[in-house]
1. Being touching a Ser or Thr at 6+ places or on another chain (Cβ under 9 Å), under 27 Å from Y172 (Cβ atoms), aliphatic (A, V, I, L, M) and at pLDDT below 95, is that true of even one residue in the stretch 299-307?
2. Could you list, in sequence order, the residues of the stretch 128-148 that are within 31 Å of the chain's Cα centre (by Cα) and free of Cβ contacts under 8 Å to residues at least 24 places away in the same chain?
3. Within the stretch 178-200, count every residue that is within 21 Å of R116 (Cα to Cα) and either basic (K, R) or at pLDDT below 85 (or both).
4. Here's a check for you: in the stretch 104-133, which residue that is small (G, A, S) and not in a helix (DSSP H, G or I) is modelled with the highest pLDDT?
5. Pull out all pairs, ordered by first then second residue, where Cβ-Cβ is under 9 Å, the residues are six or more apart or on different chains, the first lies in the stretch 113-127 and is in contact (Cβ under 8 Å) with a residue 40 or more places away in the chain and of a type in the set (S, T, Y), and the second is surrounded by fewer than 18 Cβ atoms within 10 Å (Cβ to Cβ) and not in a helix (DSSP H, G or I).
6. Need pairs with beta-carbon distance below 8 Å; first residue in contact (Cβ under 8 Å) with a residue 60 or more places away in the chain and within the stretch 269-289, second in a helix (DSSP H, G or I) and of a type outside the set (S, T, Y); sequence gap 6+ or separate chains.
7. Looking for whichever is over 13 Å from S281 (Cβ atoms), surrounded by fewer than 21 Cβ atoms within 10 Å (Cβ to Cβ) and outside the structural domain of E278 (by TED's automatic domain parsing) here; the options are K222, K240, K244. Which one fits?
8. Taking the stretch 214-235, which residues are in contact with a strand residue (DSSP E or B) (Cβ under 9 Å, 6 or more places away or on another chain) and closer than 19 Å to L157 by Cβ?
Amino acid sequence: MEDKYDKKKDKPSYSNPFRDGGGEDKPARKRVARSDEKRPFKKEGSDQPYTPTERRKVVPPPEAVVEEPKKRRKPKHDDDDDDDYFDEKAAKKAKSDEPEIMPLNKYLAHSGVCSRREAAEVIKDGKVKVNNEVVTEPGYKVQLDDIVSMNEKKLGLQKGMVYILLNKPKDYITTNDDPQGRRTVMDLVEGADAERLFPVGRLDRMTTGLLLITNDGDLTQKMAHPSYNMKKIYQVTLDKPLTKADAEQIVAGVTLDDGVAHVDTLAYLESKNELGLEIHSGKNRIVRRIFESLGYVVEKLDRVMYAGLTKKNVPRGRWRYLTEREIVLLKHFKS
């Protein structure tokens with residue numbers, strides 16, 4: 001009976017047809033260089049062959065060079081068809097030649113004369129001119145080369161923004177000018193290297209503590225808005241001890257003429273007529289009115305924290321510039 005499989009036929013062949021022309025296994029023939037080629041199996045300038053170690057050395061291929069894409073040529077003539085051509089320099093120049101514009105109320109805020117909200121009222125009152133014509137629309141678009149004046153005084157944009165933290169003493173008015181000639185917080189920052197500064201928010205004449213002064217109208221507008229949700233901490237001294245029942249009432253909410261006033265936290269300090277109070281509301285005289293509604297008189301009121309800023313290293317009546325980090329945090333502050 002014949003074998004089903006021919007073992008010799010099915011036996012795998014290890015011949016290399018590219019080396020010896022196929023067929024049965026044969027030893028490799030010695031490589032002989034032609035007369036017109038270099039001899040890679042011998043050292044250049046020598047008849048000595050490479051050693052086995054030298055032959056094993058592999059010379060890495062040169063790194064691939066990635067060519068930068070060629071920029072498209074500029075058409076030689078205006079009527080050349082080249083829809084893909086883009087003149088980058090011309091585009092940048094055209095963009096730089098476009099006049100910059102901004103709303104008039106924003107222009108006033110950036111000029112440092114007032115906040116954007118105050119600017120809107122001043123504009124509506126007809127006190128602002130653009131190119132010597134009265135404008136009463138706060139959103140009127142102003143080009144930066146327009147001549148803008150308020151109360152016949154020419155305005156200009158602030159070149160740099162200034163941010164000052166003041167530890168306000170008592171007996172100073174939080175305003176730029178006082179018709180009665182009383183001392184204002186601006187008298188305390190006369191040495192600041194900036195023009196047209198104005199306070200952010202207000203502190204009563206007898207209230208002490210932290211106050212921000214700047215020429216950044218946008219930030220002033222932002223901080224004045226209820227959505228800014230700015231945390232403030234006060235130290236309060238009352239004319240008499242605060243009862244536990246009244247303390248609980250304050251935390252629960254006190255009804256005032258303009259609505260219910262809420263505080264975040266309330267705590268006794270060294271005595272029961274000295275308290276620490278944390279609040280987010282920015283309503284006028286809110287802290288004093290809360291205690292007055294319950295029959296107390298606020299003898300001292302000191303704001304010790306304002307939008308994450310503290311009185312550290314700022315003695316009463318002194319001020320300092322905010323650091324870059326504080327400015328960034330202030331502009332993105334959420335509490």
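The values are calculated or read from the model by the stated rules, or taken from the named source; none is laboratory data. The structure presented is a predicted model; accordingly, all values stated were derived computationally and were not measured. So basically every Cβ, Gly included, is an ideal-geometry build from the backbone, and we count neighbours across all protein chains shown.
1. yes
2. Across the stretch 128-148, the qualifying residues are D146, I147.
3. Residues that pass the stated criteria total 3.
4. Per the criteria, the residue is G126.
5. none
6. Sorted first by the residue in the stretch 269-289, then by its partner, the pairs are G282/A224; G282/P226.
7. Going through K222, K240, K244 in turn, the sole match is K222.
8. Within the stretch 214-235, T214, N215, D216, G217, L219, T220 qualify.
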